[in-house]
Amino acid sequence: IEVKKFVVKGPTQTYDVDLELCSCPAGQTGAPCKHQAAVMKHYSCLSHSFLPINPEMRAELMKLTSAGNMFRKVKPQTEHAQPEALSAARAAGFNPTVVKKWFEKYKDTIETLGLENAPDHIWNCNETGLHDHFLSTRAVAEVGAPCLRSLVESINAAGGYGPTMIIFKGKRMKPDWLFGAQKNTFVKMSDNGLINSDLFTEWGIGFCKVQNPRPHLLLVGGHTSHVYNIDFLNMMRENNVHVFSLPPHTTHYLQPADRALFKSLKHYWRLEGRRISRESGGKRLDRALFMPLFSKAWMKAATPLNGQAGFRGSAIYPFNPAKINENLFISERCFQETPEHLTEHNQILQGNISCLEDIVNTQEEVGENMGPIMEREQMGLASADQLETHVAEPPSPSPQGPLCTFSSSQRKELKRVFALTPSPDSFTRGELAEQWDLTSEQVKVWFQNERRRLNLKQQLK
């Protein structure tokens, strides 16, 4: 048996490499000791008492535990992705001409169907993706691959919800994936995890089962599985459901589901996902845990108030196109500049230059007149009139406005609204501010602070 000796601080000890025994009191019993660790590190030996200490040994151990390369899966190419800003297509497509024309057609449609006062018959259907890797600022995913789980949902202007379809990427579905699912929720499979014409038709079958014979209006996006799906359109027509498409590149504002429901859903989805990630040590979310996690986030986000806020925020119901802020259309001028606009901009620019020249000349004249006054001040000879001209002006108020203190009744009402929707839209904040004679910005700051406090509480747990 080969015996190696290695001297550490203190008395000399002998360590047997084959038997993995040391002459020290702890090593004689077979337990790992510091002398054994020193020998392993110095001679790069492999021991059952310690993990591999260099990359070669780790690779060898991985090869042994995975039975070589026979059953090893190819690691997908991944990259870090930053959230993208508003695309140029959406910035150019959301213009007053297109939006005004669409609202005119929408108004004619609801008047023809008699749905002006029937919010529970005006629906919006949309799909979104839920990722399974939870990070605060970046998302890690396969390059070019979509989210593994897609969600198709419908809401109406009264705050009601239709059937929910979850789409997994794959061929076969396991029964345990449905454990913990909500009512009217079903799971389907697709090759890429995204919606297609066949799956959207299946969702339409479930949607028509819960509707009454009275006409319904279904607002959809411009996806090919929606507007070019003949089977789906024929089925909707037979069930007295009228499909109405939103304008291209405007769904980021006119889509009620995106305005409120999906925003809140993804907020709670990330909170629950980070909690699971901390408990599992950063493991990828298993499909068997998707439904319990999704149900918790869905119960918090899918409230009647969120459904109504989506339609109210997009000005679809109540019908009020004038509610759309004109500042949202400013980006259109970046893509549709005309000579008249350029002439107007040149005139404004020339006027600004003239104003700046006048200001500079005025400052030079004031500087020349202030010279003698400063000399008299240094000599202590300044007059009272001249001193009055140098009295400092009071500081201007803060651009954020004065600090606001809420009363107990106001805090109680704010917490009630926060329990229903932690991220209320601007119209809800405006109503609360108008009720208490406050600014919408002060109410917005309160909700931001409350969300930070809740996130910190969740992280501490």
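The values are calculated or read from the model by the stated rules, or taken from the named source; none is laboratory data. Just so it is clear, the structure is predicted and the values come from calculations on it, not from any experiment. Positions of Cβ are generated from backbone atoms using ideal geometry, with glycine treated the same way; all protein chains shown enter the neighbour counts. When the accessible area is computed, the model is the full protein with side chains, heavy atoms only, and any ligands, DNA or RNA have been set aside. Shrake-Rupley method; radii C 1.70, N 1.55, O 1.52, S 1.80 Å.
At-a-glance table
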quantity: By accessible area with a 1.4 Å probe, ligands and nucleic acids excluded, highest first: order of Arg284, Arg172; calculated: Arg172, Arg284
quantity: Lys415 accessible area, 1.4 Å probe, all protein chains in place, Å² to nearest 10; calculated: 120
quantity: Accessible area of Thr201 in the full protein assembly, 1.4 Å probe (Å², nearest 10); calculated: 30
quantity: In order through the range 262-269: 3J(HN,Hα) via Karplus (6.51 cos²θ - 1.76 cosθ + 1.60), integer Hz, x for Gly, Pro; calculated: 5, 5, 5, 4, 5, 4, 5, 4
quantity: Exposure rank, largest accessible area first [Ser408, Ser277; 1.4 Å]; calculated: Ser408, Ser277
quantity: Glu104, Glu450, Glu413, ranked by accessible area, largest first (probe 1.4 Å); calculated: Glu104, Glu413, Glu450
quantity: Tensor-based shape of the range 277-316 (alpha-carbon gyration tensor, a/c under 1.5 rounded, otherwise prolate or oblate); calculated: prolate
quantity: Whole-Hz ³J(HN,Hα) from phi, Karplus 6.51 cos²θ - 1.76 cosθ + 1.60, for the range 182-189, glycine and proline x; calculated: 6, 5, 6, 10, 9, 10, 10, 10
quantity: Exceeding the 25 Å Cα-Cα cut-off - candidates Lys323/Lys415; Lys174/Lys296; Lys300/Lys412; Lys105/Lys444; Lys105/Lys300; Lys263/Lys415; calculated: Lys323/Lys415; Lys105/Lys444; Lys105/Lys300
quantity: Sum of side-chain charges, Thr128 neighbourhood, beta-carbon under 11 Å (Lys, Arg +1; Asp, Glu -1); calculated: 0
